[in-house]
Amino acid sequence: MSTVDDLTAEVLAGRHGPDPRELPATSVFWVHHGTRLAGGDTTYRNQYVLVRVGTAFGACAFAEGDADPAVAANYSGAPVARLLTEAPAPVRVAALDAYLGSVRPHRTSDAERVVLPAGTPEERARARDAAVAGLLDVEPGAKVALIGVVNPLVAAIRERGAECLPCDLSLRTTQWGDPVTPDMRDVLGVADAVVATGMTIGNGTFDEILRACRERDIPLIVYAQTAGAVARHFLGGGVTALSAEPFPFSQFSADESALYRYRAGEKTWTTTSPTR
């Protein structure tokens, strides 16, 4: 399996679990929210499609215009196979994520469970991004491409002694005024490691990132609210490590919550709290 489309075809063929033609997507819903962290000047405007299959929720963040609230009425209760073949791209990704998450839940997998502390949005964001940065294993001074910019993660990468190369389709500067390129090719060719958001699966750029990291033999770390269970299937096949944060996401609660860290070739069963 080399692409997300290949994985989808395998699921449709019944190679990863129950027949998706017989398995319902119980609910499909749409979330639109904005966030501005204290001390920052960036308002993050996020939209998600979420799909529930069995005990799992699948998620896909998407850009304006790629889906609308009508997907909730159009696809709730439909077979997963219909979502995977007929629905708009964000719904297809969320359905694939939900299916794979229901077959192998993160909470019972071989992941390291990281508990994010109760607290303010800023405290929880810092803890989450420190947990993601903790998957980086690079020398001081290494160049780390960050594809999908969130300012606390920029800071967390720098705190590890690395140079951050930010790339984002929407942002043009970081909180500290660093230029942000919109073209990931500007950073993929020079980075010593890549940290990419799961949203790259939703917008169709993940396959190119995966191919570039394979060809250059550099680490690829994925941090995913979008499609964490999808990214998991590429561990050891281009993805070096993964932080998967299933719904409900940390920004939707002030209470403790969990994300799940995977490393290619490792099996761990520990529960930890991130360094803050």
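The values are calculated or read from the model by the stated rules, or taken from the named source; none is laboratory data. No experiment lies behind these values; they were computed from the predicted model shown. Counting neighbours? That spans all protein chains shown, and the Cβs are built from the backbone with ideal geometry, glycine included. Keep in mind that these areas ignore ligands, DNA and RNA; they rest on the heavy atoms of the full protein, side chains included. Shrake-Rupley method; radii C 1.70, N 1.55, O 1.52, S 1.80 Å.
Quick check: the angle from helix 206-216's long axis to the longest principal axis of the chain, C-alpha only, nearest 10 degrees?
Roughly 50 degrees, rounded to the nearest 10.
Determine, for each peptide in 251-264, 51-64, the mean count of other beta carbons within 10 angstrom over its residues, then list the peptides with the highest first. Display every interim value, and only then the final one.
Values: 251-264: 17.9, 51-64: 22.2.
Ranking the peptides 251-264, 51-64 by packing returns 51-64, 251-264.
Please get the size of the charge dipole for the chain, origin at its Cα centre, with Cβ charges of +1 on Lys and Arg and -1 on Asp and Glu, quoted in debye to the nearest 20.
Numbers: 26 positive and 33 negative charges, 102 e Å.
My answer is approximately 480 debye.
Provide the per-residue ³J(HN,Hα) series for the stretch 82-92, in order, calculated from phi with Karplus coefficients 6.51, -1.76, 1.60 and θ = phi - 60°, each as a whole number of Hz, with x at glycine and proline positions.
So the J values, rounded to whole Hz, are 5, 5, 6, 10, 10, 7, x, 3, x, 5, 4.
Taking every eigenvalue of the Cα gyration tensor of the stretch 104-231, multiplying by 5 and rooting it, what semi-axes result, largest first, whole Å?
22, 19, 15
Per residue, how much accessible area does the stretch 131-244 have with a 1.4 Å probe, in Å²?
Each residue of the stretch 131-244 exposes 37 Å² on average to a 1.4 Å probe.
Rounded to the nearest 500 deg cm²/dmol, what is the calculated helix-only ellipticity per residue at 222 nm for the chain, with -39500 (n - 2.57) per DSSP H run of length n ≥ 4?
When only DSSP H runs of four or more count, the value is -8000 deg cm²/dmol.
Using only alpha carbon pairs under 8 Å that are at least six residues apart, calculate the relative contact order of the stretch 1-137 and give it in whole percent.
Computed value for the stretch 1-137: 23 percent relative contact order.
If you find the alpha carbon centre of the stretch 59-99 and of the stretch 121-188, how far apart are they in angstrom?
Answer, in whole Å: 29.
Mind listing the long-range amide H neighbours of L165? Cut-off is under 5 Å, sequence gap 5 or more, other chains count too, H placed in the peptide plane at 1.01 Å from N.
V144, A145, L146
Would you tally the net charge around Y44, using a Cβ to Cβ cut-off of less than 11 Å, leaving Y44 out, and scoring K and R as +1, D and E as -1?
It works out to a net charge of +1.
So if the hydrodynamic radius of the stretch 49-113 is defined as the Kirkwood radius over C-alpha pairs, what does Stokes-Einstein give as its diffusion coefficient at 4 °C and 1.567 mPa s, in µm² per second?
In µm²/s, the coefficient is 107.
Sorted by mean Cβ packing within 10 Å, highest first, what order do the peptides 36-49, 142-155, 183-196 take?
Working: 36-49: 15.3, 142-155: 22.4, 183-196: 19.1.
Result, highest mean Cβ count within 10 Å first: 142-155, 183-196, 36-49.
Do you know the relative contact order of the chain, to the nearest whole percent, from alpha carbon pairs under 8 angstrom that are 6+ apart?
Answer for the chain is 20 percent.
Return, for the Cα atoms of the stretch 1-157, the radius of gyration and Dmax in Å, separated by a comma.
Every Cα atom of the stretch 1-157 included, Rg and Dmax give 17.8, 51 Å.
Using only Cα atoms, what is the ratio of the radius of gyration of the stretch 20-70 to 2.2 N^0.38 Å?
Output field value: 1.46.
Could you tell me what percent of the accessible area of the chain is made up of carbon and sulfur, with a 1.4 Å probe and every protein chain present?
Its accessible area is 49 percent carbon and sulfur atoms.
Just to be sure I understand: if I project the alpha-carbon convex hull of the chain onto a plane and average over all orientations, what area do I get in nm²? If you can, show how the numbers build up before the last one.
On the way: hull surface 52.7 nm².
Over all viewing directions, the chain projects a mean Cα-hull area of 13.2 nm².
Let me know the Rg and Dmax you get for the stretch 5-89 when you use only its Cα atoms, in Å.
Every Cα atom of the stretch 5-89 included, Rg and Dmax give 15.3, 49 Å.
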